[in-house]
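Heads up: the structure comes next, in structure tokens.
What follows draws every value from the coordinates through simple rules; no lab data is involved. It should be emphasised that the depicted structure is a prediction, and the values quoted were computed from it without experimental measurement. Heads up, the Cβs are rebuilt from the backbone with ideal geometry, glycines too, and the neighbour counts pull from every protein chain shown.
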Amino acid sequence: MTRDEVAALYVRRQEAHARRAADEAAGFHAEDGVVESPLAGGIVTGRAAIEKTYQAFFTAFPDLQTETDDLLIDGDHAAWFFTHLGTERGEFMGLPPTGKAFRARVVFLSELRDGVIVRERRIYDFTGVLVQIGLLKIKPV
């Protein structure tokens, strides 16, 4: 893929996130793609399983916003830096909704081949998200 094609893919990907279209978001991944993410429970393999992770997240946070901060492209690798904002209104990680909002900086590190993502590592402050939405309590310093 050219640099412009990768950039265009990520524009369409952000648009799919904005519509909270899990099937469309999963369509950017290879049929046998791999996603590594704490929210996915570790490593998830296959487009169908990846779609379920998107659907769970979009359901838990129906007002989810994805704001791109930067996109770095190096050959068949991309680093997408963005901010996720949303309010937990649906079940998340098996727990009832808290109605609390969160804001988190996120990085998706992706390897692309033949126009799709074959492997992706998702990095974010998972603990911070849990604290913000009230699923984890911390003792103030």
*Hey, got the dipole for the chain? About the Cα centre, +1 on K and R Cβ, -1 on D and E Cβ, debye to the nearest 20?*
680 debye
*Cα lying deepest toward the dipole's positive end in the range 1-123, options G99, G27, T59, charges on Cβ*: G99
*Taking θ as phi - 60°, what are the ³J(HN,Hα) couplings along the range 47-59 by the Karplus curve (6.51, -1.76, 1.60), each to the nearest whole Hz, with x for Gly and Pro?*
4, 4, 5, 5, 4, 4, 5, 4, 4, 4, 5, 5, 6
*Only one of the listed values, [x] 32, 24, 16; [y] 26, 16, 14; [z] 24, 18, 13, was derived from the coordinates as semi-axes √(5λ) of the Cα gyration tensor in Å; which label is it?*
[y]
*Around E111, with a cut-off of 12 angstrom between Cβ atoms, what is the net charge of the other residues, counting Lys and Arg +1 and Asp and Glu -1?*
-2
*Can you list residues whose amide H is under 5 Å from L64's amide H, if they're 5+ apart or on another chain and H is modeled 1.01 Å from N?*
T87
_I need R113, R47 ordered by Cβ neighbour count within 10 Å, fewest first._
R113, R47
*Taking neighbour Cβ counts within 10 Å as the exposure measure, how do L135, L64, L112 sort from fewest upward?*
L135, L64, L112
_Through the Karplus equation 6.51 cos²θ - 1.76 cosθ + 1.60, θ set to phi - 60°, convert the phi angles of the range 91-102 into ³J(HN,Hα) values in whole Hz; use x for Gly and Pro._
4, 9, 6, x, 10, x, x, 9, x, 9, 8, 9
